[in-house]
Amino acid sequence: MNKQEYKNSSKTKKKRRKIVILFVFALLILLFLIGTIYLGYHLYHNYKNYKDYTHILEKIIVDDTQITEEKTERMLKIEELRKQNTEVIGWLEISGTRINYPVTQGLDNDFYLSHNYKKEKSTAGSLFLDKDYDWNHGSTNYLIYGHRTKQGLMFEDLIKYAKEEFYQEHKTIRFTTINDDCEYEILAVFYSRVYYQSEKNVFRYYYFVNAKNEKEYDDFINNAKKNSIYETGVTANYGDQLLTLSTCEYSQKNGRFVVVAKKVSH
């Protein structure tokens, strides 16, 4: 290779090197922009979810003259929410937590995993009652599901009941429907998971909505108490209305964290 060919070859290599550097630089800028857009989108939806689910009840105005012993303010507010979405069936509140949300019930147990109480798309979803709860005849157990979210929404704070100290200071849950506004006393708190169909002799709490008989009811209560991570000193008898709250738990595959309570007699 003569001197001129060497110079041309050297120039070509430098051009290629510059092109590669420019390409890498442009790629890094593109990735940075994509990451910024994604982060901005994610933060916006986090903010929107938080805004949509904060102080909902306080924003609803009802006619105070309609409030009676039989029809509380909260029951009237649920009726107002039902004008937006007839699948809103109640309201759940737990003191000491951010759990203070409307409860929905869909035709399946999937829709409200990704939609809010207004039926809008939402990563936080909504608290929702199991589709099998029968309002016409009444069912044994209000089985309510909800996500846990990094923003602390939905059932994120339910995990506080993993500590007995928290339970000792917050033993009751308030659940309101258009027909009832009652307190529920916690009787069991336990870890579980979604079991494979092949697994036998396991406690599938998520199938229990309506007891066929007293034995089925007692079996549920006994299993809930047996699996409870601490003793509450509370139990339930056949005929007591139950409330079960279920959310994800990440210490095991398909893990669940569950709180079971019974209606306090008035």
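The values are calculated or read from the model by the stated rules, or taken from the named source; none is laboratory data. Keep in mind the model is a prediction, meaning the values are calculated, not measured. Cβ coordinates were reconstructed from backbone atoms using ideal geometry, including for glycine residues, and neighbour counts include every protein chain displayed.
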How many residues of the range 109-130 are in a strand (DSSP E or B) and within 12 Å of the chain's Cα centre (by Cα)? The answer is 4
Scan the range 60-67 and tell me whether some residue there is of a type in the set (A, V, I, L, M, F, W, C), within 15 Å of the chain's Cα centre (by Cα) and either modelled with pLDDT of 75 or more or not in a loop (DSSP other than H, G, I, E, B) (or both).
no
Please work out which residue is farthest from A224 (Cα to Cα), limiting yourself to the range 198-214 and to residues that are modelled with pLDDT under 95 and exposed (fewer than 11 other Cβ atoms within 10 Å of the Cβ).
S198
Condition set modelled with pLDDT of 95 or more and among the polar types (S, T, N, Q), scope the range 131-159, selection farthest from the chain's Cα centre (by Cα): answer is T140
Residue by residue through the range 246-257, note down the ones that are in contact (Cβ under 8 Å) with a residue 24 or more places away in the chain and either of a type in the set (S, T, Y) or within 17 Å of Y217 (Cα to Cα) (or both).
S246, T247, S251
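The rows are residues; the columns are (1) part of a loop (DSSP other than H, G, I, E, B); (2) of a type in the set (A, V, I, L, M); (3) out of contact with any Leu (no Cβ under 7 Å at 6 or more places or on another chain); (4) at pLDDT below 75.
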{"position": "H42", "(1), (2), (3), (4)": "no, no, yes, yes"}
{"position": "K51", "(1), (2), (3), (4)": "no, no, yes, yes"}
{"position": "T54", "(1), (2), (3), (4)": "yes, no, yes, yes"}
{"position": "E70", "(1), (2), (3), (4)": "yes, no, yes, no"}
For the range 203-259 the number of residues that are polar (S, T, N, Q), touching a strand residue (DSSP E or B) at 6+ places or on another chain (Cβ under 8 Å) and part of a loop (DSSP other than H, G, I, E, B) is 8
Just to verify a result, which residue in the range 142-152, among those that are in contact with a Gly (Cβ under 9 Å, 6 or more places away or on another chain) and not hydroxyl-bearing (S, T, Y), is farthest from G125 (Cα to Cα)?
I144
Of (1) modelled with pLDDT of 95 or more; (2) more than 22 Å from E80 (Cα to Cα); (3) not polar (S, T, N, Q), Y112 satisfies every one except (2)
Do you know which residues across the range 79-97 are part of a strand (DSSP E or B) and among the small types (G, A, S)?
G90
Tally time: how many residues in the range 136-151 are under 18 Å from L113 (Cβ atoms) and in a loop (DSSP other than H, G, I, E, B)?
5
Would you check if there is a residue in the range 220-242 being in contact with a Cys (Cβ under 9 Å, 6 or more places away or on another chain) and surrounded by 11 or more Cβ atoms within 10 Å (Cβ to Cβ)?
yes
Where L92 falls short, out of the listed (1) surrounded by 10 or more Cβ atoms within 10 Å (Cβ to Cβ); (2) at pLDDT below 75:
(2)
Quick check: is even one residue across the range 3-17 of a type in the set (F, W, Y), surrounded by 10 or more Cβ atoms within 10 Å (Cβ to Cβ) and at pLDDT below 70?
yes
Considering the range 184-197, residues that are touching a residue at least 60 places away in the same chain (Cβ under 8 Å) and of a type in the set (F, W, Y), and then whichever is surrounded by the most Cβ atoms within 10 Å (Cβ to Cβ), we arrive at Y184
Only unsatisfied item for F128, checking (1) surrounded by fewer than 22 Cβ atoms within 10 Å (Cβ to Cβ); (2) at pLDDT 95 or above; (3) within 17 Å of I56 (Cβ to Cβ), is (1)
Cβ-Cβ below 6 Å, separation at least six or inter-chain, first residue in the range 138-158 and more than 17 Å from D110 (Cα to Cα), second of a type in the set (K, R) and part of a strand (DSSP E or B): which pairs?
E156/R148
